[in-house]
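This is the structure I want to talk about, given as C-alpha coordinates.
The values are calculated or read from the model by the stated rules, or taken from the named source; none is laboratory data. These numbers come from a predicted model, not from an experiment. Reconstructed Cβ throughout: ideal geometry from the backbone, glycine too, with neighbour counts over all protein chains shown.
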Amino acid sequence: MNDDAPLPPVRFDTRIAVLLREDLESWQRLNVTAFLVSGLGTRLPEVIGEPYEDGDGVPYLPMFRQPVLVFEGTKETLAAAHARVLSRSLPRAVFTGELFATGNDRDNRAAVRAVRTAELDLVGLAVYGPRNAVDKVLKGARMHP
(Lines give C-alpha, C1' and ligand atoms only; values in the text may rest on other atoms or scores of the structure.)
Protein backbone atom coordinates (compact mmCIF):
# COMPACT_ATOMS: atom_id res chain seq x y z
CA MET A 1 0.00 0.00 0.00
CA ASN A 2 1.30 3.44 -0.96
CA ASP A 3 1.21 5.80 2.05
CA ASP A 4 1.46 8.81 -0.29
CA ALA A 5 -1.75 7.96 -2.15
CA PRO A 6 -4.45 10.60 -1.58
CA LEU A 7 -7.31 9.52 0.61
CA PRO A 8 -10.79 9.77 -0.85
CA PRO A 9 -12.90 12.67 0.45
CA VAL A 10 -15.02 11.92 3.48
CA ARG A 11 -18.76 12.14 2.84
CA PHE A 12 -21.22 12.47 5.69
CA ASP A 13 -24.74 11.09 5.75
CA THR A 14 -25.51 13.46 8.62
CA ARG A 15 -25.67 17.22 8.84
CA ILE A 16 -24.95 19.80 11.53
CA ALA A 17 -26.86 23.01 10.86
CA VAL A 18 -27.59 26.29 12.59
CA LEU A 19 -30.52 28.53 11.70
CA LEU A 20 -30.29 32.17 12.78
CA ARG A 21 -32.99 34.81 12.75
CA GLU A 22 -32.13 37.26 9.98
CA ASP A 23 -32.48 40.43 12.08
CA LEU A 24 -29.62 39.67 14.49
CA GLU A 25 -26.60 41.94 14.81
CA SER A 26 -23.26 40.47 13.64
CA TRP A 27 -21.99 39.93 17.19
CA GLN A 28 -25.26 38.21 18.09
CA ARG A 29 -25.00 35.84 15.12
CA LEU A 30 -21.52 34.77 16.19
CA ASN A 31 -22.47 34.42 19.84
CA VAL A 32 -25.65 32.44 19.12
CA THR A 33 -23.85 30.10 16.70
CA ALA A 34 -21.10 29.36 19.21
CA PHE A 35 -23.55 28.64 22.03
CA LEU A 36 -25.81 26.47 19.87
CA VAL A 37 -23.13 24.18 18.47
CA SER A 38 -21.57 23.69 21.89
CA GLY A 39 -24.75 21.92 22.93
CA LEU A 40 -24.50 19.40 20.10
CA GLY A 41 -20.93 18.45 20.93
CA THR A 42 -21.70 17.71 24.56
CA ARG A 43 -24.54 15.25 23.88
CA LEU A 44 -23.47 13.68 20.61
CA PRO A 45 -19.92 12.38 20.88
CA GLU A 46 -20.09 10.98 17.34
CA VAL A 47 -19.95 14.53 15.92
CA ILE A 48 -16.54 15.17 17.48
CA GLY A 49 -13.37 14.24 15.59
CA GLU A 50 -9.93 13.35 16.87
CA PRO A 51 -7.69 15.81 18.74
CA TYR A 52 -5.35 17.95 16.66
CA GLU A 53 -1.58 18.26 16.92
CA ASP A 54 0.73 20.65 15.12
CA GLY A 55 4.10 19.88 13.57
CA ASP A 56 5.87 20.49 16.90
CA GLY A 57 3.64 18.04 18.76
CA VAL A 58 1.56 20.72 20.55
CA PRO A 59 -1.89 19.22 21.20
CA TYR A 60 -5.20 20.98 20.48
CA LEU A 61 -8.78 20.14 21.36
CA PRO A 62 -10.84 18.08 18.93
CA MET A 63 -13.50 19.82 16.86
CA PHE A 64 -16.53 18.70 14.90
CA ARG A 65 -15.67 16.02 12.38
CA GLN A 66 -17.83 17.65 9.71
CA PRO A 67 -18.75 21.14 8.54
CA VAL A 68 -21.41 23.20 10.29
CA LEU A 69 -23.81 24.80 7.81
CA VAL A 70 -25.25 28.15 8.86
CA PHE A 71 -28.60 29.38 7.56
CA GLU A 72 -30.79 32.40 8.19
CA GLY A 73 -34.48 33.07 8.02
CA THR A 74 -37.36 35.11 9.31
CA LYS A 75 -38.93 34.70 12.72
CA GLU A 76 -41.65 32.64 11.01
CA THR A 77 -39.09 30.42 9.28
CA LEU A 78 -37.44 29.77 12.62
CA ALA A 79 -40.77 28.93 14.29
CA ALA A 80 -41.65 26.50 11.49
CA ALA A 81 -38.20 24.86 11.66
CA HIS A 82 -38.59 24.51 15.43
CA ALA A 83 -41.95 22.77 15.03
CA ARG A 84 -40.46 20.42 12.40
CA VAL A 85 -37.39 19.57 14.48
CA LEU A 86 -39.64 18.73 17.44
CA SER A 87 -41.95 16.57 15.32
CA ARG A 88 -38.94 14.63 14.01
CA SER A 89 -37.38 14.29 17.49
CA LEU A 90 -33.97 15.34 16.16
CA PRO A 91 -31.22 16.51 18.53
CA ARG A 92 -31.49 20.28 18.80
CA ALA A 93 -30.41 23.33 20.75
CA VAL A 94 -32.26 26.64 21.04
CA PHE A 95 -31.25 30.20 21.76
CA THR A 96 -33.93 32.71 22.69
CA GLY A 97 -33.91 36.49 22.70
CA GLU A 98 -34.03 36.53 26.49
CA LEU A 99 -30.56 34.96 26.67
CA PHE A 100 -28.94 38.19 25.47
CA ALA A 101 -29.90 39.73 28.84
CA THR A 102 -28.56 36.94 31.06
CA GLY A 103 -24.97 36.49 32.09
CA ASN A 104 -24.60 32.87 33.13
CA ASP A 105 -25.70 29.33 32.41
CA ARG A 106 -28.10 29.06 35.36
CA ASP A 107 -29.98 32.19 34.32
CA ASN A 108 -29.97 31.06 30.67
CA ARG A 109 -31.66 27.78 31.55
CA ALA A 110 -34.17 29.55 33.81
CA ALA A 111 -35.03 32.03 31.04
CA VAL A 112 -35.83 29.21 28.59
CA ARG A 113 -37.70 27.19 31.23
CA ALA A 114 -39.94 30.19 32.02
CA VAL A 115 -41.50 30.23 28.53
CA ARG A 116 -43.86 27.66 26.99
CA THR A 117 -42.63 25.97 23.81
CA ALA A 118 -45.00 27.76 21.42
CA GLU A 119 -44.11 31.15 22.93
CA LEU A 120 -40.30 30.91 22.75
CA ASP A 121 -38.71 34.01 21.19
CA LEU A 122 -36.35 31.96 19.04
CA VAL A 123 -33.31 33.67 17.55
CA GLY A 124 -31.33 30.51 16.82
CA LEU A 125 -31.71 26.77 16.41
CA ALA A 126 -29.10 24.06 15.92
CA VAL A 127 -29.98 20.62 14.63
CA TYR A 128 -28.16 17.38 13.91
CA GLY A 129 -29.39 14.33 12.08
CA PRO A 130 -29.66 12.56 8.76
CA ARG A 131 -29.07 14.98 5.87
CA ASN A 132 -32.56 14.64 4.38
CA ALA A 133 -34.28 15.13 7.74
CA VAL A 134 -32.22 18.24 8.55
CA ASP A 135 -32.91 19.61 5.06
CA LYS A 136 -36.66 19.19 5.67
CA VAL A 137 -36.41 20.96 9.03
CA LEU A 138 -34.66 23.91 7.37
CA LYS A 139 -37.12 24.23 4.48
CA GLY A 140 -37.56 27.91 3.63
CA ALA A 141 -34.25 28.98 5.18
CA ARG A 142 -31.35 30.27 3.09
CA MET A 143 -27.61 29.88 3.48
CA HIS A 144 -26.09 32.60 5.63
CA PRO A 145 -24.28 35.14 3.41
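Taking the stated definitions as given, is Gln28 among the polar types (S, T, N, Q), surrounded by 14 or more Cβ atoms within 10 Å (Cβ to Cβ), outside any helix (DSSP H, G or I) and touching a residue at least 40 places away in the same chain (Cβ under 8 Å)?
Spelling it out, it is not the case that Gln28 is among the polar types (S, T, N, Q), surrounded by 14 or more Cβ atoms within 10 Å (Cβ to Cβ), outside any helix (DSSP H, G or I) and touching a residue at least 40 places away in the same chain (Cβ under 8 Å).
Tell me the residue from Glu76, Glu72, Glu98, Glu119 that is touching a His at 6+ places or on another chain (Cβ under 6 Å) and modelled with pLDDT of 95 or more, please. Before the answer, list the steps.
Values: Glu76 fails: touching a His at 6+ places or on another chain (Cβ under 6 Å); Glu98 fails: touching a His at 6+ places or on another chain (Cβ under 6 Å); Glu119 fails: touching a His at 6+ places or on another chain (Cβ under 6 Å).
Result: Glu72 is the single residue among Glu76, Glu72, Glu98, Glu119 that is touching a His at 6+ places or on another chain (Cβ under 6 Å) and modelled with pLDDT of 95 or more.
Only residues that are exposed (fewer than 15 other Cβ atoms within 10 Å of the Cβ), of a type in the set (Asp, Glu) and closer than 21 Å to Leu30 by Cβ: list them for the range 77-120, please.
Matches in the range 77-120: Asp105, Asp107.
Continuing with this model, one more query. Answer with yes or no whether Glu53 is of a type in the set (D, E, K, R) and either in contact with a strand residue (DSSP E or B) (Cβ under 6 Å, 6 or more places away or on another chain) or within 19 Å of Val32 (Cβ to Cβ) (or both).
Working: of a type in the set (D, E, K, R): yes; either in contact with a strand residue (DSSP E or B) (Cβ under 6 Å, 6 or more places away or on another chain) or within 19 Å of Val32 (Cβ to Cβ) (or both): yes.
Taking the combined requirement at face value, the residue satisfies it.
Being surrounded by 11 or more Cβ atoms within 10 Å (Cβ to Cβ) and out of contact with any Gly (no Cβ under 9 Å at 6 or more places or on another chain): is that true of Leu20 here?
On the way: surrounded by 11 or more Cβ atoms within 10 Å (Cβ to Cβ): yes; out of contact with any Gly (no Cβ under 9 Å at 6 or more places or on another chain): no.
It is false that Leu20 is surrounded by 11 or more Cβ atoms within 10 Å (Cβ to Cβ) and out of contact with any Gly (no Cβ under 9 Å at 6 or more places or on another chain).
One line per residue, one yes/no per condition, for (1) within 17 Å of the chain's Cα centre (by Cα); (2) farther than 19 Å from Thr42 by Cα; (3) not hydrophobic (A, V, I, L, M, F, W, C):
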{"residue": "Pro67", "(1), (2), (3)": "yes, no, yes"}
{"residue": "Ala83", "(1), (2), (3)": "yes, yes, no"}
{"residue": "Thr96", "(1), (2), (3)": "yes, yes, yes"}
{"residue": "Leu99", "(1), (2), (3)": "yes, yes, no"}
{"residue": "Asp105", "(1), (2), (3)": "no, no, yes"}
{"residue": "Tyr128", "(1), (2), (3)": "yes, no, yes"}
{"residue": "Ala133", "(1), (2), (3)": "yes, yes, no"}
{"residue": "Val137", "(1), (2), (3)": "yes, yes, no"}
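Among the numbered criteria (1) in a strand (DSSP E or B); (2) within 22 Å of Leu30 (Cβ to Cβ), which one does Gly129 miss?
(2)
Within the range 38-70, which residues are touching a helix residue (DSSP H, G or I) at 6+ places or on another chain (Cβ under 9 Å) and within 26 Å of Lys139 (Cβ to Cβ)?
Scanning the range 38-70 gives Leu40, Gly41, Val47, Phe64, Arg65, Gln66, Val68, Leu69, Val70.
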